[in-house]
Each structure stands twice: as C-alpha cells, then as structure tokens.
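Single-structure report; data block below.
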Amino acid sequence: MKKESNFVPEGTGGTARGPVMTRRGFGLAMAASAMLPRAAFAEGQGAEHGKLIATAFNRRLLPPEYPETPVWGYNGQTPGTELRLTQGARLRQTLRNDLDQPTTIHWHGLRIDNAMDGVPGMTQPAVQPGQEFVYDFTVPDAGTYWYHAHNRSTEQIARGLLGALIVEEPNAPDIDREEVLVIDDWLVGRDGALVADFEAPHARAHGGRIGNLITTNGDFDLTMKARRNERMRLRLINASNARVFDFALQGLEGWVMALDGMPLADTPAVGEALTLGPGQRADLFVDVTAEVGEQAYLVRLDRDQASSQVMFEVGGVASAKRREAPAALPPNRKPALEGLKDLKARPLVLEGGAMGGLQNAILDGNRRSFEELIKANQFWSFNGIVGQTDTPFLDVKMGETQLVEIRNDTSFPHAMHLHGMHFQELDKDGTPGRLRDTTLLFPREVRQIAFVADNPGDWLFHCHMLSHAASGMTSWIRVQA
Ligand code: C2O
Ligand code: CU
C-alpha cells in the first residue's frame, strides 16, 4: 500500500504533499497505531519515583525512503514517557541529563511550587551534563498538561525534549477510551537530520521555527481503530515550536471539554475549527458517527487544504445508540477575581518582527535602532523592552487580582504563556471567561486577561513561539510571598 506523508522537503517551493480531504474522504493508507509506553503511578503518597533520562537517539520520523532522524527525548522516546497520575498525587521524577548541554524540565500549566518550575537561572540552576535533579510536587489540577525542556528551548524542544503529563480526575468520566495526541512539527532535511540552525534570523523575525513535517505522537500518518458510537476522549497537545493548528472533525461529533487543562462549564460543540497555539491543549469528547467500514478523522485545516491528522478506521460497533451529550468535567480551582471593575489594566504591548514597524527599543539598558537589534539577532519587544531584564513586568503582592491588556502590534500571532498560574481571558464586554495558561493573539488583536497572583515566586511570562521568546519576547512577574 502506498504511504504518503505531509513532508515538504526544503527547496520544493513549499507545495504541500500528502493526504488531502475530498468529499469521499482521505486517500490514506493504514498504519499500525502508535501506542506510547506509560509510566504507572500509585495514588497519593507512595508514588513511584521515576526517572526521565534526557538522551540523544535516532528515531524514524520520515517515510521509509529517507534516513532516520537524530532526535533528543526522555528515556529514549519522543514524545517522552507519558506521565499519568491522579489529581492530588505526588509526582517524583529524577531528571538525568545524558545530553552534552545543560537542560531542565518545565511542567507546563501546572500550578506548582516555584522551586519546581524548571526555569534555569530563575528557579533552579540548569542541570549540567551527567548531573541529576529531582522534581517532586503534588499535582493540583486534573487535566491535560505537558512537560518540556526549558533551557535553549528553541533547540531542545525542536529536537524532541517534551512529553505528555496527564492528571486524571478522581472519578473517571463516562467514556469508552482516551487517546493522548501530542501534535508537533519538525524542520527536517532529506538527509533525515533536523535543520540545525535554531537561531535562524528569518524564523525569529517571522512566525518562528515552522516545521516541514507534522506528526502525532511522532507519526506522520497516525491511524487507529475505532468503533461506531464509541465515545473517545482526545487529549490534544500542541507541542510545536511555533505552529498554530486548526482542527476539525469528520465522521466524529464532539465537544470541547477543557482547554489548557481547565474544564469548560459550557462544553461547546467542536465547530468549524478548533485553534490551538503552541503550548495550548484541548480535551475533546468525540463520538464516532462514521459507519462501520468508513474512516473518521481528526482533520487538520491549513489554508484551503484539509488533511488527516489522525485517521480512525471504524470497525465494529461500540453500542447501538449514541450516548447523551456529556456533562461538564468537574472544575479545577478557580481563584475569585476581586474588584476587577475598579482595576486599571496594565498594558503589555507586543512590537517588532518583520513588517512590524518597530523603530527602536531598549536592549541591555540601551536604546537601539531596529537595525541594531537585527544585528544582535533580536526582533521583538514588550513595552519597548527587548528580552528579560532585572525588572519584572509586574511586581505584586500575594493574593492581589491583576488585570493585563495585551496588545499585539505585530504582523504575527503570539502565544503568551504565564508560568505558575492560570488567568482568565476577558470577553469583549469585560466578563471573565475561560481559564488558560496560554493565550493566542492574532496580528493587531487586543485581549485582557485577569488573574489572582496567588502563587508566590518569580514566574516567566513569554511568547511560546520559542524563536520569539529567544529574540525579545520574554518577561516575568514577581509575586511577593
Ligand atoms: Cu511551556 Cu516557559 O513554557
Ligand atoms: Cu511570539
């Protein structure tokens, strides 16, 4: 059987190949489903003490006619070992660094102690080659999270240092099965090697490092079996360096149950397009509505093209009838915003990049023209300041409600991620909406976010387009104990 991939080799003019949706479905061959090994955890105290060994190894990413790809990962896998535990359980993992450069692990979206946040030079020293560091904390919230390297992130995440972290609800929801779908893209050459120019000025100044091979759990044409009327929970994680994904369903009907780990009260239907920026996650419940013998798809939309992100071969029937629409998942803790109406929003203005019109900004304490910034391979500013300085964007007292207005005055989307706390996106009329840890702003978009500064420590606030974070879009906030 013919196997097609979405791989677009460099220098082919960027014409996308691969499975394209037609009215009759996708012309995709079948492949074995990729099951990820899981780390087992006991509940509560006696949790297993696991090891995450960061190493380099080869992995097949491209179709068989190309060589394997040298990647980095945890325990010889990318995505790394899936960590799965129950809400309230203790996570203990020793990171051992068998790479030839320092690394750390950040637990993206977890509202945990600052000392466990994994930011080198801020919450811990980087773990040197040959050294170890023990991460030890209790997971406060149920939901879909992920872990990833947080040193030289553009390179280390692009090379594969990331994995899923699943926190189960104490009472399992009524579903037939679940699938964790780590969606990533890779910038790879015909020789199988990752394009090693991780500081490429063009990517920094534009949309970031965008890959030419899109995978799910490392597989470019992930195919699974499913049964008619089966209810699946799909845990989608956008682990790419910079790509914004739009997803849709075919032969499936579903609901958005949670975003960035946090359950939604209203569980909207999955509509025309579900957008996930880098770092963002979505939990969907989907029912298989395709007939036996047909295929169902998690569809990836890319301009006017629709492709299979995951194909489900429908064989057999799970039940004669569909279930009722699901009830919302139990909420995680939502801190009460106090006095929002009377707060003046603190502006955070995003500027710079190609076609951005930034004239000058402060770099290392000195005002620089945009030409000088380009020479320094720096392209972006927050409130006129390039990169992380000694002064936090916010310096606030524990328990205070914060209101921030983010304004994207650039020509590119940005995914602003706050460590340590979730915030609420405000609707246009100022009503606090969904809890997120990463908010995606398209060019010229303005969004207010509000949160209670209830986790003491120094927390990064940065763009999750990792090339942007490395070229100006990193700041931090201090929550005084
Ligand atoms: Cu997922 Cu500071 O990042
Ligand atoms: Cu950005």
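The values are calculated or read from the model by the stated rules, or taken from the named source; none is laboratory data. Remember, it's a predicted structure, so these values are computed and weren't measured experimentally. FYI the Cβ positions are ideal-geometry reconstructions off the backbone, even for glycines, and counts take in every protein chain you see. Quick note on the areas: whole protein, heavy atoms, side chains included, nothing else; ligands and nucleic acids left out. Shrake-Rupley method; radii C 1.70, N 1.55, O 1.52, S 1.80 Å.
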Virtual spin-label span in nm between residue 196 and residue 319, 7 Å along Cα→Cβ: 5.5 nm
Lysine pairs in the chain with Cα atoms under 25 Å, if 8 or more residues apart or on separate chains: 10
Relative contact order, percent, the chain [alpha-carbon distance under 8 Å, six or more residues apart]: 14 percent
Qualifying GluC sites (Glu not before Pro) in segment 273-343, DSSP loop, other Cβ atoms within 10 Å at most 13: 291, 324, 338
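Would segment 319-408 count as rounded, prolate or oblate if I go by the C-alpha gyration tensor, calling it rounded below 1.5 in a/c and otherwise prolate when a/b exceeds b/c, oblate otherwise? Show your work: numbers first, answer last.
Working: a/c = 3.40, a/b = 1.79, b/c = 1.91.
Since a/c reaches 1.5 but b/c is at least a/b, the shape of segment 319-408 is classed as oblate.
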Assigned charges on the beta-carbon of Lys, Arg, Asp, Glu; segment 72-146 dipole about Cα centre (debye): 180 debye
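Report the trypsin sites (Lys or Arg not before Pro) located in segment 424-473 that are in a DSSP loop and have at most 12 other Cβ atoms inside 10 Å of their Cβ, or state none.
Values: sites: 428, 434, 436, 444, 447; in loops: 428, 444.
For trypsin sites (Lys or Arg not before Pro) across segment 424-473 that sit outside H, G, I, E and B with at most 12 neighbouring Cβ atoms in 10 Å, the list reads 428, 444.
Per residue, what accessible area does the chain have, given a 1.4 Å probe and all protein chains present, in Å²? Could you put the intermediate results ahead of the total?
Values: 19160 Å² over 481 residues.
Each residue of the chain exposes 40 Å² on average to a 1.4 Å probe.
Among the trypsin sites (Lys or Arg not before Pro) in segment 321-381, which ones are in a DSSP loop with at most 13 other Cβ atoms within 10 Å of the Cβ? Mind listing them? If you can, show how the numbers build up before the last one.
Working: sites: 321, 322, 323, 333, 341, 344, 367, 368, 375; in loops: 321, 322, 323, 333, 344.
Loop-located and lightly packed - 321, 333, 344.
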Dimensions (Å) - the chain, Cα atoms, principal axes, largest first: 64, 50, 48
Packing-based ranking, highest mean first, of 177-189, 137-149 given that Cβ atoms within 10 Å are counted: 137-149, 177-189
Sum of -39500 (n - 2.57) over DSSP H runs of 4+, divided by residues of the chain (222 nm, nearest 500): -1000 deg cm²/dmol
Accessible-area composition of segment 321-422, carbon plus sulfur, in percent [1.4 Å probe]: 49 percent
Percent carbon-and-sulfur accessible area, segment 77-219, ignoring ligands, DNA and RNA, probe 1.4 Å: 47 percent
Long-range HN-HN contacts of residue 60 with modeled amide H, under 5 Å: 69
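Pairs of Cα atoms under 8 Å, at least six residues apart: use those to get the relative contact order of segment 378-481, whole percent.
Values: 245 pairs, mean separation 42.7, N = 104.
41 percent.
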